[in-house]
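Each reported figure results from applying straightforward, stated rules to the coordinates on display, with no laboratory input. Model, not experiment: these values are computed from the prediction. Note that we place each Cβ from the backbone using ideal geometry, even for glycine, and neighbour counts take in every protein chain shown.
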Amino acid sequence: MDGSLVVSIAPHIRSEASTRKVMWSVIAALIPAGAAGVFIFGLNSLLVIIASVFAAVLTEVVFCVARKKEIAIMDGSAIMTGLLLAYNIPPQSPLWMPIVGSCFAIAIGKQIFGGLGHNIFNPALVGRAFLMLSWPVYMTTWQNPRWQADAVTSATPLNLFKEGHFELLKNVSTWDLFIGNRGGCIGEVCVVALLIGAAYLLLKGYITWHIPVTYILTVALTSWLFNGRSGFFTGDALFFVLSGGLILGAFFMATDYVTSPLTAKGRIVFGVGCGLLTFAIRRFAGYPEGVSYAILIMNAAVPLIDRYTYPKWLGWKK
Amino acid sequence: MAYTFYGGAHPSGNKLTYDRPVKKVFIPKKAVIPLSQHTGSPADPVVAVGDSVTVGALVGKSTGFISSNVHASISGKVTRIFYSPTPNLPRVLSVVIEPQGGEDQEFKAARRPDAGSLSKDELLAIIRDAGIVGLGGAAFPAHVKLSPPKGKIIDSVILNGAECEPYLTCDHRLMVEKPKEILRGLALITRILGVKDAYIGIEDNKLAAVYALGQALKSMSGELPGVNVKIVTLKTKYPQGAEKQLIRSILRRTVPAGGLPMDVGCIVHNIGTVFAIYEAVYFSKPLIERVITVTGSCVREPANITVRIGTLIRDIADTLGGFAKEPKKVVVGGPMMGIAQYTMDVPVTKGTSGIVFLSQEDIVRPKESVCIRCGKCIETCPMGLSPTTLMNHVKKEQFSEAKALGIVNCFECGACVYDCPAKIPLLDYMKYGKAKI
């Protein structure tokens with residue numbers, strides 16, 4: 001019987017946590033926002049989400065087969081990428097858009113680098129950036145919530161602000177922004193649904209507060225300071241926090257494990273960096289919204305941040 | 001203020017034997033007594049094959065300052081001296097004693113009436129001669145720890161009753177059943193070191209021990225003149241019982257990297273060690289037996305038992321009524337830091353705190369997947385290291401980089417492996433990296 005004893009290095013017990021559990025929890029946390037998006041914009045957005053997820057999973061399978069790796073779609077990461085990409089495009093997009101975007105996101109954003117755990121940039125945002133560069137008209141044609149009279153609009157609240165249509169902005173209250181009664185991408189509009197999902201992830205410990213809190217505070221502060229219409233300190237901080245993709249980006253995309261820093265200190269640097277870049281793009285660049293590019297740029301800085309924020313161990317001395 | 005430290009994991013306690021009183025079980029048919037059960041140089045055998053020994057007699061003589069005496073744990077004849085595997089070493093010269101029948105196996109305690117008035121040097125000599133080492137696991141000779149070099153000022157003694165390893169309850173039971181004896185042992189230690197502040201750290205999942213020690217302390221304050229004893233209820237978190245973490249929790253002092261507790265003015269002793277010191281001083285009893293926890297899902301009746309040093313694990317298992325399921329992994333120590341054995345023919349040594357018999361279901365080693373950089377290992381590492389970064393350097397054989405990032409500070413508690421969602425055996429890489437430096 002001795003011959004059958006198993007020998008290994010300690011510890012001999014493991015926690016219940018697993019990568020799969022983490023990924024599926026994030027997916028679960030994203031569902032309220034998606035459901036709200038479908039409710040607000042109608043059935044086409046559901047088709048966009050399904051097409052995006054389906055294309056992401058298919059691309060993942062093709063790459064796994066080609067690379068002779070185990071087909072790991074049940075770890076949920078491809079589904080998550082598809083879901084996030086769909087949340088980041090306008091609701092009435094033609095269905096080929098999420099499909100092309102997801103293929104690009106998984107192929108170029110993730111698998112080219114070696115698959116899960118190795119990509120430098122958030123795959124969903126890579127997909128979105130690709131769509132944005134290739135088909136800017138489709139990516140900036142917006143739809144109003146389906147109960148509003150004119151279905152197609154050309155502007156999100158941030159568009160209106162950027163273009164100076166302040167009189168039109170008066171129709172959009174803070175409460176509208178909060179519940180999602182406005183034009184925008186499928187998953188970004190319903191802030192309250194996003195916050196429910198985010199609260200779940202925070203409570204479960206799957207994400208930490210560092211990135212979202214510093215990111216949102218930085219955007220709020222800089223907007224208040226510099227983005228007012230009548231000088232310094234007059235910006236409407238709440239408007240800038242609620243009106244774009246900031247909540248979706250800060251809680252669900254900037255916090256992506258693989259593409260964000262490892263340590264708490266690093267995550268704070270990352271969050272502040274994302275916030276400053278988001279503000280800078282919104283204020284000074286051609287685009288009205290800057291969340292996705294801000295996160296992508298900061299993704300590139302992660303190895304550097306990790307290097308300079310390596311933790312000081314107990315009893316550390318110079 | 002919560003008494004806790006940075007990082008740590010929360011493995012489920014599984015203290016199956018929490019309320020099982022310590023049983024004295026049996027005298028083994030054979031005792032295999034390794035001559036190196038402690039940190040330091042092995043003892044020299046002073047008996048030969050064929051000699052008759054009585055329980056408590058010296059069989060191995062200490063060979064230096066950092067070394068320890070080894071005593072016969074049963075009476076009988078020395079039948080063999082050979083290299084035996086021990087729980088933590090592959091081959092150690094060991095003395096085998098087998099009773100021939102008819103011997104008296106009880107240790108004849110010689111009560112020392114003057115125990116309360118012995119001088120510091122006399123106490124140290126008794127502790128050294130009794131072969132007392134740290135019973136928490138590292139088995140560092142106790143008299144060495146109690147003789148800090150000149151220039152080190154010690155102001156506090158900490159008794160480690162944290163017992164943060166899942167399953168183990170031997171220290172807990174000692175505290176519940178022998179609180180007065182432990183406090184008397186503590187009084188001896190404070191006298192040797194001349195300190196005024198003593199702390200007893202106990203995790204808050206063992207409130208019975210907190211209560212028992214508190215009651216005992218109330219009833220015998222006269223025996224600890226001038227010593228301020230504080231019983232500290234610690235947050236239950238692994239590895240609360242690690243020396244540096246315990247000092248952080250209780251005294252808020254940080255032991256410098258590569259340093260010892262005495263560098264910050266304190267000395268930590270395990271509960272079992274203190275009880276052994278008490279027995280050695282008051283009853284002239286060498287370290288020939290200890291309390292261990294025999295537990296795990298395979299054991300029909302998990303128990304806390306007093307066993308003689310040198311008892312084979314196989315004999316303990318047989319005596320306790322056999323197994324409910326076939327054990328697939330036999331761990332000496334707790335499941336977080338204990339060592340898996342390849343055979344059950346290893347003896348209980350001074351540093352053995354428990355034996356955990358794990359079944360097939362318990363030991364499924366989950367499939368390792370790729371690191372997703374979640375940072376959980378960094379949140380968990382009680383030393384404040386980044387295990388995943390170190391792993392990446394070790395994988396690429398960049399050992400000097402790993403050294404610069406502090407890999408030597410890892411004391412192999414395994415908390416990072418426990419918490420890793422990708423199930424990466426980070427500790428395997430840490431051990432490999434440390435060995436290569």
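Compactness check for the range B:117-185: Cα Rg over 2.2 N^0.38 Å is 1.27.
Considering only beta bridges that DSSP places wholly inside the protein assembly as shown, some 60 percent are antiparallel. Seen from every direction in turn and averaged, the convex hull around the alpha carbons of the range B:120-283 projects onto 8.9 nm².
Rounded to the nearest whole Hz, the Karplus-based 3J(HN,Hα) values (6.51 cos²θ - 1.76 cosθ + 1.60, θ = phi - 60°) of the range A:125-142 follow the sequence 6, 4, x, 5, 4, 4, 5, 4, 6, 8, 10, x, 5, 4, 7, 10, 9, 10, with x at glycine and proline.
Structure remark: mean-square fluctuation, Gaussian network model of chain B, C-alpha springs under 10 Å; the largest value among B:303, B:43, B:212 belongs to B:212. The string of couplings for the range B:394-406 from the Karplus curve (6.51, -1.76, 1.60, θ = phi - 60°) is 5, 4, 8, 6, 8, 6, 5, 5, 4, 5, 5, 8, x Hz, one whole number per residue in order, with x for Gly and Pro. Listed from fewest to most Cβ neighbours within 10 Å, the set A:267, B:252, B:20 follows the order B:252, B:20, A:267.
For residue A:178 and residue A:312 in one chain, what is 0.36 nm times their gap in residues minus the Cα-Cα distance, to one decimal in nm?
44.2 nm
Each residue in A:83, A:133 was given a count of other beta-carbon atoms within 10 angstrom of its own, and listing them fewest first yields A:133, A:83. Cα centroid separation, the range B:218-287 to the range A:243-318: 44 Å. Given R0 = 45 Å, the distance between the Cβ atoms of residue A:297 and residue B:263 translates into a calculated FRET efficiency of 0.50.
Between residue B:112 and residue B:412, the modelled label-to-label distance comes to 3.4 nm, taking each label 7 Å out from Cα in the direction of the beta carbon. Which FRET efficiency value, to the nearest 0.05, do you get for residue A:221 and residue B:138 by plugging their Cβ-Cβ distance into 1/(1 + (r/R0)^6) with R0 = 41 Å? After rounding, the FRET efficiency stands at 0.20. With a simple spin-label model that places each label point 7 Å from the Cα along the Cα-to-Cβ direction, the separation between residue A:140 and residue A:264 comes to 4.2 nm. Computed from label points 7 Å out along Cα-Cβ, the spacing between residue B:228 and residue B:314 is 5.5 nm. Over all projection directions, the Cα-based convex hull of chain A averages an area of 20.9 nm². Computed 3J(HN,Hα) for the range B:108-116, one whole-Hz value per residue from the Karplus formula 6.51 cos²θ - 1.76 cosθ + 1.60 where θ = phi - 60°, is 7, 6, 9, 5, 9, x, 8, 3, x, glycine and proline marked x.
Taking A:289, A:16, A:163 as the candidate residues, the one with maximal mean-square fluctuation in a Gaussian network model of chain A, Cα springs under 10 Å, is A:16.
Looking at the range B:120-283 alone, DSSP beta bridges between its own residues are antiparallel in about 5 percent of cases.
Full extension of the chain between residue B:24 and residue B:177 gives 53.7 nm of extra length, using 0.36 nm per residue less the Cα-Cα distance. In this structure, the amide hydrogen of residue B:311, modeled 1.01 Å from its nitrogen in the peptide plane, lies closer than 5 angstrom to those of B:32, B:348, counting only residues at least 5 positions away or on a different chain. Fewest neighbouring Cβ atoms within 10 Å first, the residues A:298, A:139 line up as A:139, A:298. Computed over Cα pairs, the Kirkwood radius of the range B:376-436 leads via Stokes-Einstein (0.890 mPa s, 25 °C) to a diffusion coefficient of 222 µm² per second. Enclosing the Cα atoms of chain B in their convex hull gives a volume equal to 142 cubic angstrom per residue.
For residue B:196 and residue B:152, the difference between the fully extended length at 0.36 nm per residue and the C-alpha to C-alpha distance is 14.3 nm.
Residue A:8 label point, 7 Å along Cα→Cβ, cut-off 17 Å on backbone N: hits in the range B:368-382? Residues B:368-371 fall inside that zone. Shown here: the range A:45-179, whose C-alpha atoms stretch 58, 26, 26 Å along the first, second and third principal axes, sorted largest to smallest. How large is the direction-averaged shadow of the alpha-carbon convex hull of the protein assembly as shown, in nm²? Mean orientational projected area (the protein assembly as shown, Cα hull): 37.2 nm². The amide H of residue B:334, built 1.01 Å from its N in the peptide plane, has no neighbour under 5 Å, considering only residues 5 or more places off or on other chains.
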